[in-house]
Amino acid sequence: MAIRFDSKTNTFTIHTVKSTYQMKVDDQKVLLHTYFGSPADESDFSYLIVPDDHGFCAQPAGNAEDRNYSLDFYPQEYSVQGSGDFRIKALKAGFGGRVPALDLRYHSHQIREGKYSLPGLPHFFANDGDKVQTLEIVLKDLYEDVYVTLLYGVFEEKNIITRAAVIENAGDMPMEIKRAMSMCLDFMEGRKELICFCGKHAGERQYDRRTLQYGITEIGSNRGTSSHQHNPFAIVCDKNTTEDYGKCCAVSLLYSGSFQIQAEVDQFEGTRLVCGVNDDEFSWILKKGEQFVTPEAVISYTDNGLADLSGGLHRAIYDNLIRSAWKDRKRPILVNNWEATYFDFTGDKLMEIARQGAQIGLDMLVLDDGWFGKRNDDNSGLGDWYVNEEKLGCSLRELVDQINGLGLRFGIWIEPEMISEDSDLYREHPEWAMIIPGRDPVRGRNQLTLDLSRQEVIEYMKTSIDNLLDSANIEYIKWDMNRSVDNVFSAAAPELSQGAVRHKYILGLYEVMEHIHQKYPEILIEGCSGGGGRYDAGMLFYVPQIWCSDNTDAIERLRIHYGTSFGYPMSTVAAHVSVCPNHQNGRVTPFKTRGICAMQGSFGYELDLGKLTDEEKEEAKKQVAVYNEHYRLFQNGNYYRLTSPMDNHDFTAWSYVMPDGSKAVLSVVYTDLHANPKPLHIKWKGLIPNARYILEGREYTGAALMQGGIVLPKPECNYDSYMVVANLKDR
Ligand code: GLA
């Protein structure tokens, strides 16, 4: 049993294969958090809490006498505003314009088999044969009929605990929620380090590690997307934790909108971590009988370092979050016309690219921005999702039929959440755009955001996507979203509930994406938001891959892929070979290196194939052959970071190993050159130690490859690269 309740000690103990998690209902019926860490037993860990009269630490209701007891320093499971806890809170809610104050005490609980579900929100699910249990703990306010149900999904063998909270107002008075986090996690001991993944457009998810200091450290987004700048994934670890050693805990929030992850080091050096929907501009009114359901958060803990932590998350996300029919299929090697043509294309030009693609052996052509409405630059047309036949010289169906005739599948770009003021849709429905009345709106890329909190906008979006998908043999869509959202206002919402619009927008987005998932289960959807501006676990419930960054430079991508790999499986990374000098930073890299780097994920090309030299065409054919031969490794192998591009300035290396250890591929990109260079070695990971592998005609044991490593060839030019396969002998 992964979840146990001990009625003598009133403790809930949760076990996964690599961790133990414990809560206790104390004498005051407060739900304390008593342990999370290395696998332990069901001892009542509340002995670790040291009652003391610390001064200026208030006593909660009904406990005035015992000055040694204060929720200001007791570790709690779901802290609330108004209970004498002055640290960051999980929940702030109140009535009738009063200061938010609740006092939650244990009410009841239930343990059951299987995983709870969160309708309308992305969530982990159990597959047949998975050992999964659900724990529900209901807390109730001391004074009002307000219930908070804490949900725990325990994936014992996957080492995953999911969390969410359901807040319900059963009383007559409407309640205003000012903040409702998905989870709260109190660590009693020692200073922790926080690893987070920060960045910018064209430079997402850069690994950033810091020691937490007194006060609150916050990463988050208030941009309406999870954002390029921060990512709703973080790791809390010990100072000495490395890839291969040490305690670490990951937190991933399944949410694609504005979010917050906060860590507070309190006065006694305890650390509290909370994450959830960003409370900036947030306010939600709960009337009698209504519920607010937080997005799901996922936690995972290991003693064995960051590689083990990421490996476990990769497997769990792949098996228990991604639903797409394309998950296990070979992802099409595609050519996307964006960097080849930008807006300047015709049907003939697309056919020329497609013909070249067919010769190289590609699987798909993706038609990017500019095919619809009157869209010849980024100032117009968003919202008008009907094809510009004048530009293509034919109907969409005719174009797609011709492309299919070459043996290629067809994919198309859409940006359904946006509206251009110069569009038929805006002329017809200006009230569907989010604009604060009487103010000139803040625009991003000269576009406005559709108000997805309105049901009629949701329905319009479903219909326009259905019409598009039904109009031709479209087998892939790239779903883009190209601005940060400010000036949020819904013309449909009554004045007082504007604080709900940001979150309702995300619920609306999920509703449309769920509709497509259900109605067109065979369509491969690639997520995108100006590259990786919405790269989060929430999205992966609807799409199996995401355009990782608008930066296609192979060398900058090393850091982007490295950072992304901590929280997300590499099969979710879309990466393309583009032209040199690179369009984003002007760098020149060998064609071979661009291919090796792009094979870190779902592979493709994004350049004018007609302009490739004969030599490059031959290299492209080889790349296609390599990807086709080893796609199982690239898509579903165990991924290992072998060096860090943040620390090693000479080369970056990574590998994939088949889950059964039968085959592995190692890739290296050299990032510096030296005269009279020292020999470079690299150690493999994840092989079977006592098995024999053949590598470039030579035999090694797995132990030799992992403990001794191999000697890397000398780089022959700037940004040279190397890829080598190890096959298990006698297979
Ligand atoms: C975003 C995407 C690009 C491309 C353009 C088209 O920036 O990330 O790949 O699709 O939009 O406008």
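The values are calculated or read from the model by the stated rules, or taken from the named source; none is laboratory data. Please read all numbers here as calculations on a predicted model, not as lab measurements. Because the Cβ atoms are built from the backbone with ideal geometry, glycine has one as well, and the counts that use them run over all protein chains shown. Quick note on the areas: whole protein, heavy atoms, side chains included, nothing else; ligands and nucleic acids left out. Shrake-Rupley method; radii C 1.70, N 1.55, O 1.52, S 1.80 Å.
With angles folded into 0 to 90 degrees, how steeply does helix 305-320 sit against the dominant principal axis of the chain? Use alpha carbons for both and round to 10.
Helix 305-320 sits at roughly 80 degrees to that axis.
In region 61-137, which GluC sites (Glu not before Pro) fall in coil by DSSP and have 14 or fewer other Cβ atoms within 10 Å? Mind showing how you got there, number by number?
On the way: sites: Glu65, Glu77, Glu113, Glu136; in loops: Glu65, Glu77.
Those that pass, being in a loop and sparsely packed, are Glu65.
What list of ³J(HN,Hα) couplings, whole Hz, do you get for region 45-56 from phi and the Karplus terms 6.51, -1.76, 1.60, once you set θ to phi - 60° and write x for glycine and proline?
6, 5, 5, 6, 7, 9, x, 6, 8, 7, x, 6
What value, in deg cm²/dmol to 500, does the helix sum -39500 (n - 2.57) over DSSP H runs of n ≥ 4 give at 222 nm once divided by the residues of the chain? Before the final figure, lay out each step's value.
Numbers: 11 runs with 134 residues, N = 731.
So the calculated ellipticity at 222 nm is -5500 deg cm²/dmol.
Computed over the Cα atoms, what is the radius of gyration of the chain divided by 2.2 N^0.38 Å, N being its residue count? All intermediate terms of the calculation are to be shown ahead of the outcome.
On the way: Rg = 26.6 Å, N = 731, 2.2 N^0.38 = 27.0 Å.
The value comes to 0.99.
Please list, by residue number, every one of the GluC sites (Glu not before Pro) in region 599-702 that is coil in DSSP and has at most 14 other beta-carbon atoms within 10 Å. Before the final figure, lay out each step's value.
Numbers: sites: Glu606, Glu615, Glu616, Glu618, Glu619, Glu629, Glu696, Glu699; in loops: Glu696.
Counting only loop positions with at most 14 other Cβ atoms within 10 Å, the GluC sites (Glu not before Pro) in region 599-702 are Glu696.
Taking the Cα centre of the chain as origin, work out the dipole magnitude from +1 charges on Lys and Arg Cβ and -1 charges on Asp and Glu Cβ, in debye rounded to 20. Numbers along the way, then the final one.
On the way: 76 positive and 103 negative charges, 321 e Å.
It comes to approximately 1540 debye.
Could you tell me the calculated FRET efficiency between Glu136 and Ala101, based on Cβ-Cβ distance and R0 = 22 angstrom, to the nearest 0.05?
Details: r = 25 Å, r/R0 = 1.12.
With R0 = 22 Å, the Cβ-Cβ based efficiency is 0.35.
Which of the peptides 482-488, 93-99, 562-568, 117-123 is most tightly packed, and how do the rest follow, judged by the mean count of other Cβ atoms within 10 Å per residue? Before the final figure, lay out the partial values.
Values: 482-488: 19.7, 93-99: 13.1, 562-568: 25.4, 117-123: 17.0.
In decreasing order of mean packing, 482-488, 93-99, 562-568, 117-123 become 562-568, 482-488, 117-123, 93-99.
Cut-off under 16 Å on the C-alpha distance; same-chain residues fewer than 8 positions from Lys678 excluded. Which lysines are left, in chain and number order?
Once the sequence-local lysines are set aside, what remains near Lys678 is Lys714.
Just flag the GluC sites (Glu not before Pro) in region 491-584 sitting in loop per DSSP whose Cβ has no more than 16 other Cβ atoms within 10 Å. Could you put the intermediate results ahead of the total?
Values: sites: Glu495, Glu511, Glu514, Glu522, Glu526, Glu556; in loops: Glu522.
Here the GluC sites (Glu not before Pro) that fit, given the DSSP loop and packing criteria, are Glu522.
Averaged per residue, what accessible area in Å² does region 535-606 show with a 1.4 Å probe, protein chains only?
Working: 1150 Å² over 72 residues.
Counting only protein heavy atoms, the per-residue value for region 535-606 is 16 Å².
Once you wrap a convex hull around the alpha carbon atoms of region 343-430, what is its projected area averaged over all directions, in nm²? Don't jump to the answer; show the numbers that get you there.
On the way: hull surface 22.4 nm².
Quarter of the Cα hull surface area: 5.6 nm².
On a 0 to 90 degree scale, rounded to 10, what angle separates helix 501-519 from the longest Cα axis of the chain?
50 degrees
Just add up the charged neighbours of Arg87: K/R +1, D/E -1, any other residue whose Cβ is under 14 Å from the Cβ of Arg87.
Values: positive: Lys89, Lys92, Arg179, Arg272; negative: Asp72, Glu77, Asp85, Asp186, Glu218, Glu264, Asp266, Glu269.
Every neighbour counted, the sum reads -4.
In a solvent-free Debye calculation with one equal scatterer on each Cα, what is log10 I(q)/I(0) for region 389-444 at q = 0.28, 0.31 Å⁻¹, listed in the order of the q values?
Log10 I(q)/I(0), no solvent term: -1.16, -1.26.
Pairs of Cα atoms under 8 Å, at least six residues apart: use those to get the relative contact order of the chain, whole percent. Provide the component values of the computation, followed by the final result.
On the way: 1818 pairs, mean separation 73.0, N = 731.
Result for the chain is 10 percent.
Go through 664-670, 687-693, 285-291 and give me the packing order, highest mean Cβ count within 10 Å leading. Before the final figure, lay out each step's value.
Working: 664-670: 24.3, 687-693: 16.6, 285-291: 13.9.
By packing density, highest mean first, the sequence is 664-670, 687-693, 285-291.
So, in nm, how far is label Lys349 from label Asn467 when the simple model puts each one 7 Å beyond its Cα toward the Cβ?
2.6 nm
Region 523-548 to region 116-143: how many Å between their Cα centroids?
Comparing the Cα centres of region 523-548 and region 116-143, I get a distance of 24 Å.
Quickly rank 172-178, 382-388, 673-679 as a protection proxy: mean count of other C-beta atoms within 10 Å, highest first.
Values: 172-178: 17.1, 382-388: 22.1, 673-679: 8.4.
Taking the mean over residues of other Cβ atoms within 10 Å, the ranking is 382-388, 172-178, 673-679.
Add +1 for every Lys or Arg and -1 for every Asp or Glu among the other residues with Cβ under 13 Å from the Cβ of Val277, and state the total.
Details: positive: Lys92, Lys178, Arg179, Arg502, Lys504; negative: Asp279, Asp280, Glu281, Glu296, Asp536.
Once all neighbours under 13 Å are counted, the net charge is 0.
Can you pull the one-decimal nm distance between simple spin-label points at His674 and Asn690, each 7 Å off the Cα toward Cβ?
3.8 nm
State, in angstrom, two size descriptors of region 24-117 derived from its alpha carbons: Rg to one decimal place and Dmax to the nearest whole number.
Taking only Cα atoms of region 24-117, I get Rg and Dmax of 15.1, 46 Å.
Give the separation of the Cα centroids, region 441-519 to region 583-652, in Å.
Measuring centre to centre over Cα atoms gives 34 Å.
Collect residues whose amide H, placed 1.01 Å from N in the peptide plane, falls under 5 Å from the amide H of Phe187; neighbours closer than 5 in sequence don't count.
Thr271, Arg272, Leu273
Using modelled backbone amide H atoms (1.01 Å from N, in-plane), which distant-in-sequence or interchain residues come within less than 5 Å of Val366's amide H?
Amide H to amide H, under 5 Å and 5 or more residues apart or across chains, Val366 pairs with Val335, Asn336, Asn337, Gly411.
Let me spell out the model: positive unit charges on the Cβ of Lys and Arg, negative unit charges on the Cβ of Asp and Glu, origin at the Cα centre of region 594-687. What dipole size does that give, in debye rounded to 20?
Values: 11 positive and 12 negative charges, 84 e Å.
Rounded to the nearest 20 debye, it is 400 debye.
Give, as a single signed number, the net charge of other residues whose beta carbon lies under 15 Å from the beta carbon of Asp377, with Lys and Arg counted +1 and Asp and Glu -1.
For residues surrounding Asp377, the net value is -3.
Compare the Cα positions of Asn690, Ile546, Ala726 along the charge dipole of the chain (+1 at Cβ of Lys, Arg; -1 at Cβ of Asp, Glu; about the Cα centre) and return the one farthest towards the positive end.
Final value for the positive-end residue is Asn690.
Place a label point 7 angstrom from the Cα of Lys622 along the Cα-to-Cβ direction, then list the residues of region 651-670 whose backbone nitrogen is under 18 Å away.
Correct set: 665-670.
For the chain, find the longest principal axis of its Cα atoms and tell me its angle to the long axis of helix 455-471, 0 to 90°, nearest 10.
30 degrees
About its Cα centre, what dipole magnitude does region 276-401 give when the only charges are +1 on Lys and Arg Cβ and -1 on Asp and Glu Cβ, stated in debye to the nearest 20? Don't jump to the answer; show the numbers that get you there.
Values: 14 positive and 23 negative charges, 110 e Å.
Dipole about the Cα centre, nearest 20: 520 debye.
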